[in-house]
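**Q** Quick one: structure below, then a few questions.
The values are calculated or read from the model by the stated rules, or taken from the named source; none is laboratory data. Because the structure is predicted, anything quoted here is derived from the model rather than measured. Glycine gets a Cβ as well: all are built from the backbone with ideal geometry, and neighbour counts include every protein chain shown.
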Amino acid sequence: MSAPRQPALGPKDAWVFDLDNTLYPADTAVMSQVDQRMTEFVMRLLDVDRDTARSVQKRYWRDYGTTLNGLMSNHDVDLAEFLDFVHDVDHSVITPNAELAGHVAALEGKRIVFTNGSRKHAEKVIDRLGLNGLFDDLYDIEAGRFLPKPHLESFERFTRHFSITPRSAVMFEDSPANLETAAQMGFTTVLIRAQADDPDGHTAGPGVHPPHVHYAADCLTGFLGQLRLSSLKA
């Protein structure tokens, strides 16, 4: 747990969690499966080979925030079909985490998952982790009208939907880009880093701590455990 920088992390009205590579470690083989499913979807949609599809997929992710947003902007795509296809993965690779469940349950205030993925995928991840019943709601890409993080308008829709005042809220994310927008709005930002560098640059790697990040940690469970311990001593 890194030394805090302003704003200090104290009692908050809302605790906002990204889903993938945040609630579970980034080395869990979930997003690698999703990534491959996206490539296959693009191959079928555009009738191109794997290398071409991969190039298009990554270009859309860089330029539009998500591959889906790029496909929506440039092609006729069935949104429900895309989400169902790319999230049809083996969730059993996720290890249940009773310790994390205890720490999340101890947080006072709203607890919300904010993801660029689908609600169905989020529910499966939460179920597998053993976090059922611990979140007030899930806010997925469809709820956000398919405008993904890190777009400012996506965050604004999210905060309006739940009547969240950013300066009274904390956001946990693996993505420095998403946290930059969160910090701009006034959230206290917590970066959850991976054990290895991400070749796509979406998930923060070891030692990464950009200026807009107030706290950085290598383990969400450990960070929340220390936070819980600090609150008990206060």
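**Q** Might you check whether a residue that is more than 13 Å from the chain's Cα centre (by Cα), touching a residue at least 60 places away in the same chain (Cβ under 8 Å) and farther than 27 Å from D127 by Cβ occurs anywhere in region 49-60?
**A** yes
**Q** What about F162, is it surrounded by 20 or more Cβ atoms within 10 Å (Cβ to Cβ) and either outside the structural domain of T66 (by TED's automatic domain parsing) or farther than 27 Å from I94 by Cβ (or both)?
**A** When the stated conditions are applied, F162 does not pass them.
**Q** With A8, A14, A53 as the choices, which residue is among the hydrophobic types (A, V, I, L, M, F, W, C), over 19 Å from D198 (Cβ atoms) and modelled with pLDDT under 95?
**A** A8
**Q** Now, a different point. Can you tell me which residues in region 143-180 are aliphatic (A, V, I, L, M) and out of contact with any strand residue (DSSP E or B) (no Cβ under 8 Å at 6 or more places or on another chain)?
**A** Of everything in region 143-180, those that are aliphatic (A, V, I, L, M) and out of contact with any strand residue (DSSP E or B) (no Cβ under 8 Å at 6 or more places or on another chain) turn out to be A143, L147, L152, A177.
**Q** Kindly indicate which of F135, F114, F146 is under 13 Å from L79 (Cβ atoms) and among the aromatic types (F, W, Y).
**A** When all the criteria are applied, what remains is F146.
**Q** For region 138-153, enumerate the residues that are outside any loop (DSSP other than H, G, I, E, B) and in contact with a Ser or Thr (Cβ under 8 Å, 6 or more places away or on another chain).
**A** L138, Y139, L152, listed by residue number.
**Q** A follow-up question, please. Regarding region 59-75, can at least one residue be identified that is assigned by TED's automatic domain parsing to the domain that holds F162, of a type in the set (S, T, Y) and surrounded by 15 or more Cβ atoms within 10 Å (Cβ to Cβ)?
**A** No, region 59-75 contains no residue that is assigned by TED's automatic domain parsing to the domain that holds F162, of a type in the set (S, T, Y) and surrounded by 15 or more Cβ atoms within 10 Å (Cβ to Cβ).
**Q** Next question, about the same structure. With E108, E99 as the choices, which residue is more than 22 Å from H202 (Cβ to Cβ), in the same structural domain as V190 (by TED's automatic domain parsing) and modelled with pLDDT of 95 or more?
**A** That would be E99, the only listed residue that is more than 22 Å from H202 (Cβ to Cβ), in the same structural domain as V190 (by TED's automatic domain parsing) and modelled with pLDDT of 95 or more.
**Q** Only one of T181, T189, T159 is without any contact (Cβ under 8 Å) to a residue 60 or more places away in the chain and in a strand (DSSP E or B); which?
**A** Sole residue among the options that is without any contact (Cβ under 8 Å) to a residue 60 or more places away in the chain and in a strand (DSSP E or B): T189.
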